[in-house]
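The values are calculated or read from the model by the stated rules, or taken from the named source; none is laboratory data. None of these values were measured; they are calculated from a predicted model. Every residue, glycine as well, gets a Cβ built from its backbone with ideal geometry; the counts of neighbours run over all protein chains shown.
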């Protein structure tokens, strides 16, 4: 595989219902077997889940994730493709929940397949940061029936 | 969960037969559900597979991985624990093949669970580099029935 | 979308403060997102510095001239992932 | 392991060059891994700079004094993961 493949397998989806990250990853790996010209020797994944407490430490009832239909998917696809080209990786997977999530539920899965570990790891990490800062999502924490919009991102 | 948990769930094993990384990850996640005091909101994974070509570009028949029984597991456990404490992560999984591997077969899985994405990603990356340079493994590439010991590590 | 019209969208906290999520406006030549904000009385004379503007699903500057049929959105600080 | 004895192990390319993978030696006071290398005629007067030494499964220096029952191993450059 060339370090700068011309084609990137890009797979971005927002999900309205609970999902199992490893099932998403298994389906993605199966698609890579068919879609990539050669085996990707390196794969980096990240899974994010809802914390059981709010940003100020109260027990969380639920986390609500609002998005901008159309723009959110569009932005994610655009910067995923740009980062994939920049790092010379072969494939990118993004699954992100929207709607109402319970503590412990998966929010996000990012996966990157590449020929080498460096590009796979760096692209995964950078994609995750970009997702946090450039994809239009808004979080509302629910505690005892009251919702509060979260002002910024969780710290690194 | 405290950013510096006192206990780290450490899980290191060398495998003599082909394995499925996602099955290892699923079993690990199930153990975390039981073993961790609180949900780990961030998980970073890395999967490495055998490249179909040798370091000089010939089609690879098989990759042989020799290790030092006892020392290899011991070194991996020691630096995994040290890195886990250093980064304040909750759990580390390492699965590494030994023996004769075919192109495309998984060689290594590293997974790290933590409360935040930064420690999970950084610990996973550093563990992988340490594994490459401090765990006694020796690779022999087989091409047309001839084996050649690989002198160093694959580039990042 | 009808020519001569702008669609305006609000999200999250901004939507709840304003009490609506989507409106249509007659487009007037030279109109900008900043002008739309004032016209719709969304608060003060301009959006707070933390509010970002999107035009047709792309981030844009407050003073970008709008075109007929544009969708302009005001986005409170992103808190994703 | 018998007291008064050292066990010596070779791996990968070193093992194949030497033609053996494990040997026992009588331990003599003050013996080091460097002395073992010479005594067993493993090549030259000392191991190449790229060869690492392990004593009882821990990396160690060439001139570390060995003790009765120690396992000393010569490790060619690691190429893991």
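If you filter region B:146-156 down to residues that are under 26 Å from residue B:84 (Cβ atoms) and free of Cβ contacts under 8 Å to residues at least 40 places away in the same chain, you find that the one that is nearest to the other protein chains (Cβ to nearest Cβ) is B:156.
Selection over region C:27-38 of residues that are at pLDDT 95 or above and exposed (fewer than 13 other Cβ atoms within 10 Å of the Cβ) gives a count of 0.
Any idea which of D:62, D:10 is at pLDDT 95 or above, more than 27 Å from residue B:96 (Cα to Cα) and touching a helix residue (DSSP H, G or I) at 6+ places or on another chain (Cβ under 6 Å)?
Working: D:10 fails: more than 27 Å from residue B:96 (Cα to Cα).
Unique residue meeting the criteria: D:62.
Of the residues that make up region D:8-18, is at least one more than 14 Å from every other protein chain (Cβ to nearest Cβ), loosely packed, with under 13 Cβ neighbours inside 10 Å and either farther than 23 Å from residue B:73 by Cα or over 10 Å from the mean Cα position of the chain (by Cα) (or both)? No, every residue in region D:8-18 fails to be more than 14 Å from every other protein chain (Cβ to nearest Cβ), loosely packed, with under 13 Cβ neighbours inside 10 Å and either farther than 23 Å from residue B:73 by Cα or over 10 Å from the mean Cα position of the chain (by Cα) (or both).
If you go through region B:115-137 one residue at a time, how many are within 11 Å of chain D (Cβ to nearest Cβ) and either farther than 23 Å from residue B:62 by Cβ or in a helix (DSSP H, G or I) (or both)? Show your work before the answer.
Just the residues of region B:115-137 that are within 11 Å of chain D (Cβ to nearest Cβ), to begin with: B:127-137.
Adding the requirement that they be either farther than 23 Å from residue B:62 by Cβ or in a helix (DSSP H, G or I) (or both) leaves B:127-134.
Count: 8.
Please indicate, with yes or no, whether at least one residue in region D:66-75 is surrounded by 21 or more Cβ atoms within 10 Å (Cβ to Cβ), at the interface with chain B (Cβ under 8 Å from one of its Cβ atoms) and touching a residue at least 40 places away in the same chain (Cβ under 8 Å). For region D:66-75, residues surrounded by 21 or more Cβ atoms within 10 Å (Cβ to Cβ), at the interface with chain B (Cβ under 8 Å from one of its Cβ atoms) and touching a residue at least 40 places away in the same chain (Cβ under 8 Å): present.
Would you say residue B:143 is buried (at least 24 other Cβ atoms within 10 Å of the Cβ) and more than 13 Å from chain D (Cβ to nearest Cβ)? When the stated conditions are applied, residue B:143 does not pass them.
The residues of region D:19-46 that are within 10 Å of the chain's Cα centre (by Cα) and within 13 Å of chain B (Cβ to nearest Cβ) amount to a single one, D:22. Looking at region A:1-114, the strands (runs of 3 or more DSSP E) lying wholly inside it that each contain 1 or more residues that are in contact with a helix residue (DSSP H, G or I) (Cβ under 6 Å, 6 or more places away or on another chain), surrounded by 15 or more Cβ atoms within 10 Å (Cβ to Cβ) and within 14 Å of chain C (Cβ to nearest Cβ) sit at A:9-15, A:42-49, A:62-67, A:91-97, A:106-114.
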